[in-house]
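Structure, as structure tokens:
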Amino acid sequence: MIYQVAVPTPLDQVFDYLPPETWMPYPLAVGMRVLVPFGGRVLGGLIVAIQEESDCPPEKLRAIRAVLDKTPLFNTEELALLQWVSRYYHYPLGEVLDAALPSLLRSGKTERVKKPSQRVYSLSPQAREFTLETLPLKKNTVQHRICSLLWEYSEALSREAILQQIPNTASNLSKLVGAGWLIEEVRERKESLETFPQDTPPELNPDQLAAVTKIINSLDKFFPCVLDGVTGSGKTEVYLQVIAEVLAQQRQALVLVPEINLTPQMLQRFRQRFPVNIAVLHSQISAPLRLQAWRAAQSGAAQIVIGTRSAVWTSFANLGVIVVDEEHDLSYKQQDSLRYSARDVAMVRAQRANIPIILGSATPCLETLYNAQQGRYTHLSLPERAGSAAHPSVKIVDMRQQPRQLLSKTLFQAIKQRLAEKQQVLLFMNRRGYAPTLTCYHCGWVAHCLACSANLTYHAQPARLECHHCGVVRKLDIVCPECQHTELHFLGRGTERIEEDLQVLFPESRILRIDSDSTRQKQKMQGFIEQIHAGEADILIGTQMLAKGHHFPQVTLVGVLNCDGGLFNVDFRGSEHLAQMLVQVSGRAGREAVAGEVILQTYHPEHALFQHLLQQGYPAFAEIALQERREANLPPYGYLALLRTEAENFEKAVAVLQAAKTELNIFSDIELWGPVRAPMEKRAHFYRAQLLLQSVRRDALHQGLRTVMPELRKLANAQKVRFSLDIDPLDLL
Ligand code: ADP
Ligand code: ZN
Ligand code: ZN
């Protein structure tokens, strides 16, 4: 027998090996990891095929050194999917497999079953002397709720389980321990079921019912559908009821979510509904827990997997449905090494597994809408908000009519009014730091990053200049390095400066700034969310971190301080992303009893995007945007691939792309644009160039790439040029 093994090397091929020389107590199978001699090294690899013969001369064949698994890590269907991924993204199979595995199984590591531990809480004997009613804690407070949860549960609950039931309670847990009401212990983490009082599902509204029925009737086949509904229209409820049926049929569900900070909310709803084992997979989960979750999905012990992008690689015993929540979200695309789209991989996975896949969004991406129009996906829509909340009203404010300042009169008045009514206000500004530019008024000098073609951003806390592209941090210049003048000025505003301005404008208000700087420490975000829910903040100023998915019932006014960023973006997806962002931020307003209000500030109120989006809604915007894409043969009417290079000088970076162009020129169905300097020419000392490939035929594009990629990889390697290929790029930056 000859074993074909994929090893993680840049060479896009598999290698033949003889069976191990030692006796094996069990047969080798496709999908098992092995150690093999490779050049002078020993590498971990995966058996992808078993054959009778090899093209390799027998004297050259070497034997497998060791076998790492007793059972395959992927079944044949999953392996076939990974092979498809390797072909589609033109990425070596060995490296695809490595990327798909949990880190503890990567690169030929032996699986060590380390027992993960967890913190567990129970009521102290002191607390047990009381009853729930006589416990000297204020009723309806978070602390009281934690105790009552434990009272109901009677034994002990893990920290994770408590946080899932009552989110954002981390600090209260420590307080309860400190006060002697709770006992904290570290115990071995078991895959035990922690069952909770079950939530009864609400009766579905007619649109939800129609959606659920259609999907449930198609559980035994590939059924791609778009669940198109504004925030709060009840999409999650549809997922839950479909999954209930899938679980009833003894099958598993995969739920992909975009952001890490979305997972706890989603998870809580799932926990309250289903008394089953739910595995969670995202980058903040420790490696041993990830492996445990992965194994649980593979064995079937976990019936539901909820996770971010990389959860799409999970091996399942019997997958029955895939949900991609907020399918338009950019975080589904990996932006380095294997540049895959988890949504697209999930689609192919569902097709190969013959199961339904639900793409949920209030703002489906144009590709998805197009597929629905073409009848490839079933379009299910939820036009109304579930429950009582009404659609928010949206107002555009022309900033040209305003003296140059942060807040227009309209927004200022609206904030004042909401604050007077004790409601919360969310202000949105997609720029962190204090000011994006530091300049000298005397000679015009601007603080630049020496490594990138970009300005340095001034941050006040702590005072520093920071490059948002390479991360370099510099001390603040006090005198101009060019002319020694001391009059240095900050231009523009980021969230830190806005926070400062707001404090002056609304001195009585409690202002909370939420961006990646203020939430860098673990648990910080949790704490903020807790504060917002408890009504301990009046004005929230944040970046896009706040735009997505959160449910803040007391926020009734949303202000977008400057929405012009995306209007004249060089990128062809700029307007799509802006439109999606605006709809998403608006979705944060007035999700409960009080009607919401959204105010957008712009210097270009006449821009067609606002007209279409606000007067006719996202579908009308999408219709026109699709028309523009059609005229330019852009996705979904054409297909793109972007070759990028980075080198110590431009000439080198361009030379490799020029070679690519020469090779690709013979393919008449591929249009080539470039090579050109990348929009961001220099990053972290490297000069960047790119070559865009465009074709109206996907197969032609891939055919061309298949022919030239192996040569190009070698050339780039030899020239010491960093080289990457981005299939279906989301941005051309
Ligand atoms: P989405 O996922 O589209 O944002 P959700 O499923 O989270 O919407 O629903 C929004 C709110 O409405 C939630 O609080 C949910 O519990 C509630 N809800 C959803 N469907 C119904 C229904 N059929 N009846 C009553 N309430 C519902
Ligand atoms: Zn100067
Ligand atoms: Zn830089």
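Using the Cβ of Ser518 as centre and a radius below 11 Å, the other residues enclosed give a net charge of 0, where K and R count +1 and D and E count -1.
Each Lys and Arg contributes +1 and each Asp and Glu -1, all at the Cβ; summed about the Cα centre of the chain, the dipole is approximately 1240 debye. Close amide H partners of Lys333, meaning residues 5 or more places away or on another chain with modelled amide H under 5 Å apart, are Ala342. Less than 5 angstrom separates the built amide H of Ala66 from those of Leu35, all sequence-distant by 5 or more or on a different chain. Centre-to-centre, using Cα atoms only, region 132-172 and region 314-346 are separated by 35 Å. Judged by the mean number of other Cβ atoms found within 10 Å, the most tightly packed of the peptides 705-718, 530-543 leads the ranking 530-543, 705-718. With the convex hull drawn over the C-alpha atoms of region 597-733, the volume per residue is 140 Å³.
From largest to smallest, the equivalent ellipsoid semi-axes obtained for region 436-568 from the alpha-carbon gyration tensor read 32, 16, 15 Å. For region 371-525, the C-alpha radius of gyration sits at 1.41 times the compact-globule guess of 2.2 N^0.38 Å, with N the residue count.
Taking the Cα centre of region 485-586 as origin, sum charge times position over the Cβ atoms of Lys and Arg (+1) and Asp and Glu (-1), and report the length of that vector in debye to the nearest 20.
Values: 9 positive and 14 negative charges, 74 e Å.
Result for region 485-586 is approximately 360 debye, rounded to the nearest 20.
Remark: region 407-490 projects, on average over all directions, an area of 7.6 nm² (convex hull of Cα atoms).
Every pair of different Cα atoms in the chain enters the Kirkwood calculation, which places the hydrodynamic radius at 28.5 Å.
Over region 18-64, the fraction of Cα-Cα pairs per 10 Å bin, rounded to whole percents and listed from the shortest bin up, is 21, 60, 19.
Using Cα-Cα distances under 8 Å and only pairs 6 or more residues apart, what relative contact order does region 422-518 have, in percent?
32 percent
Go through Lys395/Lys548; Lys109/Lys235; Lys221/Lys548; Lys175/Lys416 and tell me which ones have a Cα-Cα distance over 29 Å in this structure. Table pairs above 29 Å Cα-Cα are Lys109/Lys235; Lys221/Lys548; Lys175/Lys416.
Of the GluC sites (Glu not before Pro) in region 585-633, the ones in a loop by DSSP (not H, G, I, E or B) with at most 11 other beta carbons within 10 Å are Glu606. Beyond 24 Å, the tail of the calculated P(r) for region 1-136 holds 40 percent of the Cα pairs. Taking the DSSP beta bridges with both ends in the chain, the antiparallel portion is around 55 percent. Peptides 691-699, 274-282 ranked from most to least packed, by the mean per-residue count of other Cβ atoms within 10 Å: 274-282, 691-699. Each residue of region 707-713 was assigned a 3J(HN,Hα) from its phi angle through the Karplus curve 6.51 cos²θ - 1.76 cosθ + 1.60 (θ = phi - 60°); the sequence is 5, 9, 4, x, 4, 5, 4 Hz, with glycine and proline shown as x.
When cysteine pairs in the chain are screened for C-beta atoms closer than 4.7 angstrom, the residues that find no partner are Cys56, Cys147, Cys225, Cys365, Cys470, Cys563.
Magnitude of the charge dipole for region 428-543, about its Cα centre and with charges confined to Cβ atoms of Lys, Arg (+1) and Asp, Glu (-1), is about 400 debye.
Couplings for region 405-414, taken from phi via the Karplus curve 6.51 cos²θ - 1.76 cosθ + 1.60 with θ = phi - 60°, read 7, 6, 10, 6, 4, 4, 5, 4, 4, 4 Hz in order; Gly and Pro are left as x.
Modelled label positions at Glu133 and Glu21, each set 7 Å beyond Cα in the direction of Cβ, lie 7.9 nm from each other. Among the trypsin sites (Lys or Arg not before Pro) within region 88-187, those in coil by DSSP and having at most 13 neighbouring Cβ atoms inside 10 Å are Arg112, Lys114, Lys138, Lys139. Once backbone amide H atoms are built at 1.01 Å from N, Asn318 has Gln252 as its partners under 5 Å, excluding neighbours fewer than 5 places away on the same chain. Extension gain, Asp564-Ser124: 0.36 nm per intervening residue step, less the Cα-Cα distance, totals 152.8 nm. The mean sequence separation of alpha-carbon pairs under 8 Å and at least six residues apart, normalised by the residue count of the chain, gives a relative contact order of 11 percent.
Each reported figure results from applying straightforward, stated rules to the coordinates on display, with no laboratory input. It should be emphasised that the depicted structure is a prediction, and the values quoted were computed from it without experimental measurement. Cβ sites come from the backbone with ideal geometry, for glycine too, and all protein chains shown count toward neighbours.
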